[in-house]
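**Q** Take a look at the following structure, please.
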Amino acid sequence: MEIKPMRLKDQVAVVTGAASGIGKEIARTFARAGAKLVIADLDHAGADLAAAQINREGGAAIGLQMDVTSEAQVDAGMAHVVETFGRIDVLVSNAGVQVIAPLEDFAFADWRRVLAIHLDGAFLCTRAALKQMYKQRSGSIIFMGSVHSKEASVLKAPYVAAKHGLMGLAKVVAKEGAKYGVRANVICPGFVRTPLVDKQIPEQAKTLGISAQAVVRDVMLKDTVDGEFTTVEDVAAAALFFASFESNALTGQSLTISHGWSMQ
């Protein structure tokens, strides 16, 4: 994707879950637009590798180990970002996990883990980032929602609940942050062919008693207009749009990137 030079010049962006997949592509896209990146991930080695790639490509990035469900780690990590770069301009709350099971069999521990990573993690990272953004009187917070922020699918109860919750959180942040120049928005991708989705295909095939090909064709992409997966580049373009928007006119909103799976 061709990036207009320096749309995020000298801005500091923290992207969680950015060692791979969607988060990594968002980080690379932001770096090409001039941002300084913090690659925050539970996988410290992976975060450092992703940061090294950005640096080799001419950008500026550091890796940061962060468990987004740990209040202490999140607060310390965000403090380290401010100490290193002096500010936080963009937070992309992207870290996520998926567990597939029918609701009647869903383990409570798995339910709590999915909600903790998606929803508690978003809250903790947002709270920590807002402390600095309010001082600056500027900032953009982007939550990684999903089509499941607006729709539901079988076997994904905590994921759907968490993604719906991010929509509400974004609206509250938008209202509370407005007087400080802070915006909050949600990206809602369809199925993106990442390791997270690749893991789901055999799991759903086993649970539903169908082939992996049928999961892709008849479950994941059934309601798209063209039978195509959304790409990490598609999602990164949406993130750049939200991050670089220049006024509070665009806040408390969601943007669905799904090949027409969800139309609202």
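Read-outs throughout are calculated quantities, based only on the coordinates presented, and are distinct from any laboratory measurement. Everything quoted here is computed from the prediction, not taken from an experiment. Note: ideal-geometry Cβ built from the backbone for every residue, glycine included; neighbour counts use all protein chains shown.
**Q** So how strong a dipole does segment 145-259 carry about its Cα centre when Lys and Arg Cβ are +1 and Asp and Glu Cβ are -1, to the nearest 20 debye? Mind dumping the intermediate values first?
**A** Values: 12 positive and 11 negative charges, 88 e Å.
Result for segment 145-259 is approximately 420 debye, rounded to the nearest 20.
**Q** Sticking with this structure for a sec: Which value, in debye to the nearest 20, gives the size of the charge dipole of segment 1-67 about its Cα centre, when Lys and Arg are +1 and Asp and Glu are -1 at the Cβ? It would help to have the intermediate numbers written out before the result.
**A** Working: 8 positive and 8 negative charges, 77 e Å.
That gives a dipole near 380 debye.
**Q** A further question on this structure: Along the three principal axes, how long is segment 132-264 when you take its alpha carbons, biggest first, rounded to the nearest angstrom?
**A** 53, 26, 26
**Q** Between Y180 and A52, how many nm apart are label points set 7 Å from Cα along the C-beta direction?
**A** 3.6 nm
**Q** Just going by the charge dipole of segment 17-144, with Lys and Arg at +1 and Asp and Glu at -1 on Cβ, which of V114, V68, V97 is farthest out on the positive end?
**A** Highest projection toward the positive end goes to V68.
**Q** Okay, moving on. Pull up the cross-link candidates among the aspartates and glutamates for K156, meaning alpha carbon to alpha carbon under 20 Å and not fewer than 8 places away within one chain.
**A** Candidates past the 8-residue exclusion: E104, D105, D110, D120, D198, E203, D218, D223.
**Q** Between their Cα atoms, which of K36/K150; K24/K222; K135/K199 are more than 30 Å away from each other? Don't skip to the end; give the middle numbers.
**A** On the way: K36/K150 32 Å; K24/K222 27 Å; K135/K199 41 Å.
Table pairs above 30 Å Cα-Cα are K36/K150; K135/K199.
**Q** For Cα pairs less than 8 Å apart in space and 6+ apart in sequence, what is the mean separation divided by the residue count of the chain, i.e. the relative contact order in percent?
**A** 18 percent
**Q** Could you give the dipole magnitude of segment 196-252 about its Cα centre, charging the beta-carbon of Lys and Arg +1 and that of Asp and Glu -1, in debye to the nearest 20?
**A** Details: 4 positive and 9 negative charges, 60 e Å.
Magnitude of the dipole: close to 280 debye.
**Q** Any chance you could give the angle, 0 to 90 degrees and rounded to 10, that helix 44-56 forms with the longest Cα principal axis of the chain?
**A** Taking Cα atoms only, the helix is inclined about 60 degrees.
**Q** Report the equivalent ellipsoid semi-axes for segment 71-127 in whole Å, largest first, defined as the square roots of five times the eigenvalues of the gyration tensor built from alpha carbon atoms.
**A** Taking √(5λ) for each eigenvalue gives 31, 10, 7 Å, largest first.
**Q** Between K9 and Y134, what FRET efficiency comes out of the Förster formula 1/(1 + (r/R0)^6) with R0 = 25 Å and r the beta carbon distance, rounded to 0.05? Let's see the in-between values first.
**A** Numbers: r = 22 Å, r/R0 = 0.90.
In this case the efficiency is close to 0.65.
**Q** Given the Cα-Cα distance of A212 and E71 and 0.36 nm per residue of separation, how much length would full extension add, in nm? Kindly include the intermediate steps, with their values, before the conclusion.
**A** Working: separation 141, 0.36 × 141 = 50.76 nm, distance 3.85 nm.
My answer for the length gained is 46.9 nm.
**Q** Related question: Apply the Kirkwood formula to the chain: the hydrodynamic radius equals the inverse of the mean of 1/r over all pairs of different alpha-carbon atoms; give it in Å with one decimal. Write out the running numbers ahead of the final one.
**A** On the way: mean 1/r = 0.0542 Å⁻¹.
For the chain, the Kirkwood estimate is 18.4 Å.
**Q** Follow-up. For K9, list the aspartates and glutamates whose Cα falls under 17 Å from its own Cα; do not include residues on the same chain fewer than 8 positions away.
**A** Reachable aspartates and glutamates: E57, D89, E246.
**Q** Express the Stokes-Einstein translational diffusion coefficient of segment 118-164 in µm² s⁻¹, to the nearest whole number, given a Kirkwood radius over alpha-carbon pairs, 10 °C and a viscosity of 1.306 mPa s.
**A** Details: Rh = 12.0 Å.
Using the Kirkwood radius from Cα pairs, D works out to 132 µm²/s.
**Q** Moving to a separate point now. Label-point separation (nm) for H80 and S247, each offset 7 Å from Cα along Cα-to-Cβ?
**A** Rounded to a tenth, the inter-label distance reads 3.9 nm.
**Q** Treating the angle as unsigned and between 0 and 90°, give the value, to the nearest 10°, between the Cα long axis of helix 71-85 and the longest Cα principal axis of the chain.
**A** So the inclination is approximately 40 degrees.
**Q** Give me the Debye-computed log₁₀ of I(q)/I(0) at q = 0.09, 0.11, 0.15 Å⁻¹ for segment 1-131, equal point scatterers on Cα only, no solvent, two decimals.
**A** The Cα Debye sum returns log10 ratios of -0.26, -0.38, -0.67.
**Q** Still on this model: Quick check: the angle from helix 121-136's long axis to the longest principal axis of the chain, C-alpha only, nearest 10 degrees?
**A** 20 degrees
**Q** I've got another one for you. How large is ³J(HN,Hα), in whole Hz, for each residue of segment 202-211 in order, when computed from phi with the Karplus curve 6.51 cos²θ - 1.76 cosθ + 1.60 and θ = phi - 60°, using x for Gly and Pro?
**A** Each residue's phi maps through the Karplus curve to give x, 5, 5, 4, 5, 5, 8, x, 10, 6 Hz.
**Q** Report the one residue of F242, L221, S146 whose Cα lies farthest in the direction of the positive end of the charge dipole of segment 118-264 (charges on C-beta: Lys and Arg +1, Asp and Glu -1; origin at the Cα centre).
**A** So the residue we want is F242.
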